[in-house]
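Step one of this worksheet: look at the structure below.
Every number in this text was worked out from the coordinates using simple rules, so none of it is lab data. Keep in mind it's a predicted model, so treat the numbers as computed, not measured.
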Amino acid sequence: MAEKTNIIILGKLIESRLKKEKELRYYQEELMELQDKMKNLQMDIDVTNVIIQMINDENIVDLKTYLIGK
């Protein structure tokens, strides 16, 4: 009887491990997707910051003023 109990417990442990491994794979995939989204958002923020800095530094050429001046 003890051997049957051990087999049942081992079976439940293996089943639990497989379930946890599947859950871990799911969260790893979700994490990768979220990291990609974070990377894209950070790039957008960086581009926006560069544009704002250029405007603040007046490094943007006003084409209308530039063409009239020629």
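Extension gain, residue 55-residue 31: 0.36 nm per intervening residue step, less the Cα-Cα distance, totals 5.1 nm.
With the convex hull drawn around the C-alpha atoms of the stretch 1-57, the volume per residue stands at 45 Å³.
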